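Chemist: My structure is below; once you've seen it, I'll send some questions.
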Amino acid sequence: MKQWWGLPLASALVLSACVTINVYFPAAEAKEAAKEFVEKIINDADKVEIKQTPPAGGGGGMASSDGMRVRSEGLDPWVLLGIGSARAQAAPDITIKTPAIQAIQARMKQRFDTVLRAGFDSGALGFTEDGLVAVRDPAKLDLKDRVAITAAVADENRDRNAVYREVAVANGHPEWEAQIRAVFARQWIDSAKPGWWYQSGGSWKQK
């Protein structure tokens, strides 16, 4: 009898070890969110159309109250036993629709249209590799405009740092801030107009 006593406990430990919920960084969703955010600033917002990718399997995912989407990969027998799926993945959508994020976006849009766009058109400004803006060539700025544009760049970078942090926090994963920043940095360059400058490999290149 003593030999059988430990089997239920051992079996439970083995089964619990098999149950994992893998929350991964949703790169595709982050790219779509970054594209929507960036192009609303650089382009006419009314002309930006973002296509939503439906969940794989024709809507086989389950939505929870906190906006997390749980995708199951087929029927797992452990679910029938009340243990849970060993292969379940929690895939959060990337939202950019919080009041804080939209307030930052509105400031960035106004700043870009009134000050920064001319700097990019002239070649004075460029996108950096870490998702910020830099004064690339001050000589291309009129002397009377240098102070105002330098101040606008500082305000812009403050807002950009804030939005990368806010997007990660708003989606429940502050640890994703660096990945969010990297996705946005790539999108600023992808959305840049022909003739604008950007950093790549530590040097400036013209699109």
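Chemist: In the structure displayed, which of LYS35/LYS97; LYS40/LYS205; LYS97/LYS193; LYS40/LYS140; LYS35/LYS193; LYS40/LYS97 lie more than 20 Å apart, Cα to Cα?
Modeler: LYS40/LYS205; LYS97/LYS193; LYS40/LYS140
Chemist: Once you list every other residue whose beta carbon is under 10 Å from the beta carbon of ALA103, what net charge do they have if Lys and Arg are +1 and Asp and Glu are -1?
Modeler: Net of charged neighbours comes to -1.
Chemist: In addition: Compute the FRET efficiency between ALA27 and ASP145 as 1/(1 + (r/R0)^6), taking r as their Cβ-Cβ distance and R0 = 30 Å, and round to the nearest 0.05.
Modeler: 0.20
Chemist: Would you work out the charge dipole size for the range 88-207 about its Cα centre, treating the Cβ of every Lys and Arg as +1 and the Cβ of every Asp and Glu as -1, and quote it to the nearest 20 debye?
Modeler: 280
Chemist: Taking 0.36 nm per residue of sequence separation and subtracting the Cα-Cα distance, how much length would be gained by fully extending the chain between ASP137 and SER122, in nm to one decimal?
Modeler: Taking 0.36 nm per residue and subtracting the Cα distance, the gain is 4.5 nm.
Chemist: Note down the nm distance, to one decimal, between modelled labels 7 Å out along Cα→Cβ at ARG165 and at THR95.
Modeler: 2.1
Chemist: Please give the FRET efficiency for ALA106 paired with GLU129, using the beta carbon to beta carbon distance and R0 = 22 Å, rounded to the nearest 0.05.
Modeler: Once the sixth-power term is evaluated, E becomes 0.25.
No value in this document is a laboratory result; all are computed from the given coordinates. None of the values given here were measured: they were computed from a predicted structure. No Cβ is skipped: glycine too gets one built from the backbone with ideal geometry, and neighbour counts run over all protein chains shown.
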